[in-house]
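Read the figures in this text as sums done on the coordinates, not as results from a lab. The structure displayed is predicted, hence computed values, not measured ones. Note that each Cβ is placed from the backbone with ideal geometry, even for glycine, and that neighbours are counted across all protein chains shown.
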Amino acid sequence: MSDSRPTATPVRVTEAFVSYRPAVDCARLTQRLLSTVPHKYLVELDSVVLCSLSEQSRSVRIGTLPRRGRRIKRDRVAGLYHHASRGQKAWIQIFVDNIQFPPWYLSWIGPTSEMAFGSVLYHELGHHVHTIRPEYREKEDVADQWSDRFLLNHLKKKYLFWYSALWCAAKLGRLLFTSKLKSRIGRLTTVTPGGR
């Protein structure tokens, strides 16, 4: 019989809420998500801090951040990656109140909350991996790619049924889309010029 409890990770998870109370147990969720990440990607990552953006100081809430050559408002950000500096290890800050969790009537589907929270956590972790394994592309694209990779790995390890169902749906969708596309191309090529 397998133990479904998350294994210990070398990354510390800290909740820094004052009066905000999230609808889900974010610390446990973070530990569960980090338990499926290979330890080689968690090297030099000190902690994940879970907090509420609305409880942060004005200097943290107001302003903009660069993203893909543009500026976005800080109040739209769900997480930040803080690089290692001055002897302090790198850490991740997650603003739980900015994460779009699924509505309550979808909470019975196991991985929905983990996918919503995991996409933010894994994106920020992707920025950390980018410092370990540098790639010469747009850093947000690299973080998104690592996020997708970590999320699929998590689904594969923790929800094999859901992963299999999503994989089959994707293959079926691709098959249907390509067959419709081929039939449309076939119809376009069989039309004679000037004919009806």
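Each 10 Å bin, from zero up to the one with the longest distance, holds this percent of the alpha carbon pairs of the stretch 12-64: 21, 42, 30, 8.
What does the C-alpha gyration tensor say about the overall shape of the stretch 135-181? Classify as rounded when a/c is under 1.5, otherwise prolate if a/b is larger than b/c, or oblate. In terms of gyration-tensor shape, oblate.
Pop the C-beta distance of residue 164 and residue 135 into the FRET formula with R0 = 30 Å and round what comes out to the nearest 0.05. That pair, residue 164 with residue 135, gives E of 0.50.
Springs join every pair of Cα atoms under 10 Å in this Gaussian network model of the chain, and among 128, 39, 154 the largest mean-square fluctuation is at 39.
Adding -39500 (n - 2.57) for every DSSP H run of four residues or longer, then dividing by how many residues the chain holds, sets the calculated 222 nm ellipticity at -14500 deg cm²/dmol.
Full extension of the segment from residue 56 to residue 28, taken as 0.36 nm per residue of separation minus the current Cα-Cα distance, would add 7.8 nm. Looking at the chain alone, DSSP beta bridges between its own residues are antiparallel in about 45 percent of cases.
Extents of the chain, taken as max minus min of Cα coordinates on every principal axis and listed largest first, are 73, 50, 36 Å.
Do the alpha carbons of any pairs in 73/139; 73/157; 89/158; 40/156; 40/89; 139/171 sit beyond 25 Å of each other, and which pairs? Distance filter (> 25 Å) returns 73/157; 89/158; 139/171. Modelled spin labels at residue 40 and residue 98, positioned 7 Å past Cα toward Cβ, are 3.2 nm from each other.
On the principal axes of its alpha-carbon atoms, the stretch 101-182 has extents of 40, 39, 23 Å, going from largest to smallest.
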